[in-house]
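Q: If you scroll down you'll find the structure; I have some questions about it.
The values are calculated or read from the model by the stated rules, or taken from the named source; none is laboratory data. Just so we're clear, the structure is a prediction, and the values are computed from it rather than from any experiment. Cβ atoms come from the backbone with ideal geometry, glycine included; neighbour counts cover every protein chain shown. Surface accessibility is based on the protein's heavy atoms, side chains included, excluding ligands, DNA and RNA. Shrake-Rupley method; radii C 1.70, N 1.55, O 1.52, S 1.80 Å.
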Amino acid sequence: MINFDHLDSTKFEEFVYDLLREMWFFNINRRKGTWYNASPADQGRDIECMWAWNKPGWGSIESLWYIECKHYKKWIPAEKIQNATAYALSKRPDALVIVCSNFLSNSAKEYIDRFIENNRPYTRIYFWENKDLENHLSQFHSLLLKYNLSIS
């Protein structure tokens, strides 16, 4: 498990931004407007970015991703992700990723399941919990050093 306790929420978003860049996302755009905690509302996504892949016979396919960062010392409750899912339903990005410094509560996971079942959204919804971040970071040791992170 990665310990993010020494990062504030703004630094955690900065970490996620850098992780996306390392993972070859592009056109990465912070939505708060600034790196400060007292920034304008992000309207349900902290970061917008693009992902591309080659599809045989089609060429390069690009997709729009919304990233919502949740930095909590414990679990993330369902009510903390409702703005992100509602905004994604209205704007229809290709994917919404909820990135958690810890993990989603069972009620949050059930909320996502019900949201998908009831709305059949165009948007694919993913969540990256602490263990997923650990797996991603195994390839990017420079980020562990930059953010003084350790895996226990």
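Q: Carbon and sulfur atoms: what percent of the 1.4 Å accessible area of the chain do they account for?
A: Exposed carbon and sulfur together represent 51 percent of the surface.
Q: Further question: Specify which labelled value, from (1) 1.04; (2) 1.13; (3) 0.96, agrees with Cα Rg over 2.2 N^0.38 Å derived from the coordinates of the model shown.
A: (1)
Q: At what distance in nm do the modelled label points of residue 86 and residue 74 sit from each other, each positioned 7 Å from its Cα along Cα→Cβ?
A: 2.4
Q: With +1 on each Lys and Arg Cβ and -1 on each Asp and Glu Cβ, how big is the dipole of the chain about its Cα centre, in debye rounded to the nearest 20?
A: Values: 19 positive and 19 negative charges, 46 e Å.
Value, rounded to 20: 220 debye.
Q: Give a residue-ordered list of calculated ³J(HN,Hα) values for the stretch 52-66 (Karplus: 6.51 cos²θ - 1.76 cosθ + 1.60, θ = phi - 60°; whole Hz; x for Gly, Pro).
A: Once rounded to whole Hz, the list reads 9, 8, 9, 10, x, x, 10, x, 7, 10, 10, 9, 8, 10, 9.
Q: Calculate the spin-label point distance for residue 58 paired with residue 118, positioning each point 7 Å from the Cα along the beta-carbon direction, and give it in nanometres.
A: With each label point 7 Å from Cα toward Cβ, the separation is 3.1 nm.
Q: Go through the stretch 122-127 residue by residue and turn each phi into a ³J(HN,Hα) via Karplus (6.51, -1.76, 1.60, θ = phi - 60°); whole Hz please, and just put x for glycine and proline.
A: 4, 6, 7, 10, 10, 9
Q: I'd like the distance between the alpha-carbon centres of the stretch 52-66 and the stretch 76-152, rounded to an integer number of Å.
A: 22
Q: Return the single residue from 30, 124, 114 with maximal mean-square fluctuation; model: Gaussian network over the chain, springs between Cα atoms under 10 Å.
A: 114
Q: Still on this structure: Considering only DSSP beta bridges where both residues belong to the chain, give the percentage that are antiparallel (nearest 5). Display every interim value, and only then the final one.
A: Values: 13 of 26 bridges.
Beta bridges within the chain, antiparallel portion: roughly 50 percent.
Q: Same structure, new question: Anyone know which of 80, 55, 109 comes out most mobile in the 10 Å Cα GNM of the chain?
A: 55
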